[in-house]
């Protein structure tokens, strides 16, 4: 669990409180100690898909108490009952943070960057996992960002202000960048959101134009990688579809937070969704499309190793992990 110093030091806003906050949020005040989550070792897994390799890289896991605020539109008793039915704890939630690496030919593309040096003791492991997988930060030529919440962008710069992936082009959704870099929106934001705006500026304001590139969601951002608009979680939240030899890997970012809750009940709203109604609509439509296409799915907050299959179950969907270190059948 994050302590008060870690919560105060990370510079994120209350909507990102599972990672850190600019003040101690209500759920963290006098919270019971549920212990620390166990991190998988090794914290990376490889999956071969056609001529492409997908590598999941566990940046870490945060443990937070499960309170009324986590699911905004469902009674806590109902949330706990669903967790219990799957053999999961009912008094706390473990939230993994898992960027993905796409390797094809000589190109190495990182999808999101984790918390870097800005989270708690059980996070910030991305570079360790990359090293274990034989990849150095200098090897990354492109970083694709789904959205600007701190657990997805904070790994771009360290506390010294240095760019961690110095040789990479950082590609970001244009509507996401425009929202968070808008001075008027920052001025009008509630106090609990100010830290998130400040964190975005810490990350991107001094990034050189030669490094930073915006794209319009829906465009092919790299050969074989298409961006997909999935607005709702944030104003410019974007997914990435990686195609290789008639197979597809869909990195869904934060389309669903804990899949045991929000894939099983796509209409439930997690506290971090900025536009809950839009997020619910895009979540259900996207999961339906993924199931119909039989694509591989990867989620930033999915249980490690973070990739697998989505299957229809009841009025929602379930996530079945693929353990990795194997080739997918065509």
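Where a number appears in this text, it was derived from the coordinates with a stated rule and is not lab data. Since the structure is predicted, the reported quantities are computational estimates derived from the model, not experimental observations.
At what distance in angstrom do the alpha carbon centres of the range 148-169 and the range 60-121 lie from each other?
20
Helix-only estimate, please: 222 nm mean residue ellipticity of the chain, summing -39500 (n - 2.57) across DSSP H runs of length 4 or more and dividing by its residues, to the nearest 500.
About -6500 deg cm²/dmol.
Write down the Kirkwood hydrodynamic radius of the range 215-330, to one decimal in angstroms, obtained as one divided by the mean of 1/r over all alpha carbon pairs.
Evaluated on the range 215-330, it is 14.3 Å.
In the chain, what percentage of the DSSP-assigned beta bridges are antiparallel, given to the nearest 5? All intermediate terms of the calculation are to be shown ahead of the outcome.
Details: 43 of 58 bridges.
Of all bridge pairs located within the chain, approximately 75 percent are antiparallel.
If you take every DSSP beta bridge whose two residues both sit in the range 176-330, what share of them, in percent to the nearest 5, is antiparallel?
The antiparallel fraction comes to roughly 85 percent.
Tell me the relative contact order for the chain as a rounded percent, counting alpha carbon contacts under 8 Å between residues six or more apart.
Taking the mean separation of contacting Cα pairs over the length of the chain, I get 18 percent.
How big is the equivalent ellipsoid of the chain along its three axes, where each semi-axis is √(5λ) from the Cα gyration tensor, reported in whole Å from largest to smallest?
26, 25, 20
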